[in-house]
1. Go through segment 545-571 and give me each residue that's open to solvent by less than 70 Å² (accessible area, probe 1.4 Å), at pLDDT 95 or above and among the polar types (S, T, N, Q).
2. Go through the residues of segment 128-143 one by one and say whether even a single one is open to solvent by less than 50 Å² (accessible area, probe 1.4 Å), outside any strand (DSSP E or B), touching a His at 6+ places or on another chain (Cβ under 9 Å) and aliphatic (A, V, I, L, M).
3. Six or more apart or on different chains, Cβ under 6 Å: which pairs go from a residue in segment 11-34 that's modelled with pLDDT of 95 or more to one that's in a helix (DSSP H, G or I)? Could you list them?
4. It is to be established whether one or more residues within segment 296-311 are in contact with a Pro (Cβ under 7 Å, 6 or more places away or on another chain) and more than 16 Å from the ligand (Cβ to nearest atom).
5. Take the residues in segment 423-468 that are of a type in the set (Lys, Arg) and farther than 14 Å from TRP292 by Cβ, then tell me which one is nearest to the ligand (Cβ to nearest atom).
6. Taking the condition among the small types (Gly, Ala, Ser), at pLDDT 95 or above, within 28 Å of the chain's Cα centre (by Cα) and in a loop (DSSP other than H, G, I, E, B), does ALA165 pass?
7. Among the residues of segment 315-360 satisfying the criterion of being without any contact (Cβ under 8 Å) to a residue 24 or more places away in the chain and over 16 Å from TRP240 (Cα atoms), which is farthest from the ligand (Cβ to nearest atom)?
8. Applying the selection to segment 505-525, what residues are part of a loop (DSSP other than H, G, I, E, B) and either modelled with pLDDT of 95 or more or over 22 Å from LYS557 (Cβ atoms) (or both)?
Amino acid sequence: MKFFWVFCVLCSFASAAWALEREAFTIAKYDLEIRLEPEQQRLGARGKIMLRNDSAHPQKIAALQISSSLNWRSIRVDGKAVQFVSQPYTSDIDHTGALSEAIVTLPVEIKPKDSVELEIGYEGVIPLDTTRLTRVGIPEGIAKHTSWDQISPSFTAVRGAGYVAWYPITTESADFSEGNSLFEVVDRWKAREARSEFKARVAMSREGGEAPPVTICSPGSDRAIQQSGRSQLISAECSWTRLGTATPTFAIAGYVSGSKLPLILLSLPGHEAGAVTYSNALDPAMKFVSGWFGQPSAPIAIADLADPNSAPFESGTLLMASMAAEDSKLAGINLVHELVHSALPSSRPWVYEGLAHFAEAMYRQEQGGRQAALDFLGLHRAAFLDSEKEVSAALQKNVGQKVVAEKSAGQPLAVTFDETYYRSKAAYVWWMLRDMAGDDALKEAIRKYRGEDDNDKAPKYVELLIEAAAKRDLSWFFDDWVYQDRGLPDFHVQSVHPWKTEKGVQFITVTLENLGNAGAEVPFTIFFEGGEITKRIEVRAKTTATTRVELPGTASKIVVNDGSVPESDLTNNVFKISAP
Ligand SMILES: [Zn+2]
């Protein structure tokens, strides 16, 4: 037995010494040549990648991963082949549920912050694969609607990291069945790659004949068809920036183009009516977006998906969504979202995506009133409610111990790469800012905002723009909602006191309490005989605020929060006033 222990001490020592830091290298630059053969579902890749050592230690070993249906062919540094071992690596970051990992021995150690360029080659097939979903029990028929990536003769669409590793990535294993592990790994990857550059030329050759298929990758990319004899080479020059919110994606299909700039509209035969719905929705959407966010200039693309039940997907200004249905409301909202991206580029995900989702809600308001917009926003609430409740619980525990919430307990909006936060929570934050600042001030701040490249670098840039326009201190709000994650507020009526002046004018004094750790300005409505009055009041975290309201009748009920402020508990928001 003693022998066994000694052996184990040795082996754990050895494994520690050999521990592979899979996330040590970030891929700072991609320059790839992708050749597709849709008939064989094949993809062949050649090109260069730049690895940067983002770890604190020198690294001699790099782990490069591609989809398990692809195989490594060659890896070279400075023109010389380098040694590598290829092995399968289980990870749900790829639709096949596994990766082909090349463990590469670099010719020299790469110091922290230093980079090395690799010439790489790999090839294989990308068929439809639902393994990572079916193995956790999702029925194949449903899994296909989410996991629709494939190369095939009739329809090719392949999304990048998080869906299909059609280009090398460097990640720890991700597990679908283990809480948030998959999303954590993907978010971490996106954060590391946020400033990377990605260029790829996607090409396929075919025999001429009927109309050539259309390639779409990054909207506005150059597309070309080279004819030599009977054969054609169809290619697109794709480039992606801001990889925190954009996922390198390409699609090739027999698309019909119905474009009117800035919209590149690609629909599939049979979906003509759905495509017309989009065309018709363009002008009103353009008008709305220009009024708030400035003129959309860069092209946006909306590309059809063959399966009407496919989950839509967005990468930067490319939206892939089925046009099978003629849904003019949805078309309008989708266009508004992409046009906001076109008008207002930003390297901050909470600004880039948050404003686009906020604009969708405002567009709903324009068409159906404030309640329609709040109902629409309400669909976002569930996305972040549970994680925010955990944050609140963690903060609660730390009370009195002078311990600030663990970093892992929250996701400050300003820096998060978690979609549920930078989309859903951010949409609410912009809505609350609008309610507090007013339309004119928020429009002015947005007009002055420059999010490209490094403009939005100062931590308080957005706050200062809005404060200047609104002439109001909002630092407390940004602290609670943007710079920190303090969970959500929880409002209730603490007390009411109806009273009358000597001349018989009725008043009510209302005290609201916020039990949560995030403050907000919240609307509350007082119902009285024959009407209602809505007022707004700022209630900071863990405090109360009191106001008095003049009423034309006797108050019967107070309802706090019309749904515009996300709260952790909405069951304590109605207060009935018993007759005196
Ligand atoms: Zn978006």
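1. Across segment 545-571, the qualifying residues are THR547, ASN561, SER564.
2. yes
3. Between residues of segment 11-34 that are modelled with pLDDT of 95 or more and residues that are in a helix (DSSP H, G or I), the close pairs are THR26/ARG192.
4. As a first pass, look at segment 296-311 and keep what is in contact with a Pro (Cβ under 7 Å, 6 or more places away or on another chain): 296-301.
The next check asks that each one be more than 16 Å from the ligand (Cβ to nearest atom); those that pass are 297.
Yes: one or more hits.
5. To start, the set of residues in segment 423-468 that are of a type in the set (Lys, Arg) comprises 423, 425, 434, 443, 447-448, 450, 457, 460.
With the extra rule that they be farther than 14 Å from TRP292 by Cβ, the set shrinks to 423, 425, 450, 457, 460.
Working: ARG423: 7, LYS425: 15, ARG450: 19, LYS457: 22, LYS460: 24 Å.
Filtering first and then ranking leaves ARG423.
6. Values: among the small types (Gly, Ala, Ser): yes; at pLDDT 95 or above: yes; within 28 Å of the chain's Cα centre (by Cα): yes; in a loop (DSSP other than H, G, I, E, B): yes.
So ALA165 fits the description; yes.
7. Of segment 315-360, the ones without any contact (Cβ under 8 Å) to a residue 24 or more places away in the chain are 319, 321, 330, 337, 356.
Then keep just the ones that are over 16 Å from TRP240 (Cα atoms); that gives 321, 330, 337, 356.
On the way: ALA321: 12, LEU330: 15, HIS337: 5, ALA356: 4 Å.
The residue in question is LEU330.
8. Filtering segment 505-525 down to residues part of a loop (DSSP other than H, G, I, E, B) leaves 505, 515-519.
Within segment 505-525, LEU515, GLY516, ASN517, ALA518, GLY519 meet the criteria.
The values are calculated or read from the model by the stated rules, or taken from the named source; none is laboratory data. Here the structure is a predicted model, which is why all the values come from computation and not from measurement. A quick note on method: Cβ atoms are made from the backbone with ideal geometry, for glycine too, and the neighbour counts reach across all protein chains shown. Areas reflect the complete protein model, heavy atoms only, side chains present, ligands, DNA and RNA absent. Shrake-Rupley method; radii C 1.70, N 1.55, O 1.52, S 1.80 Å.
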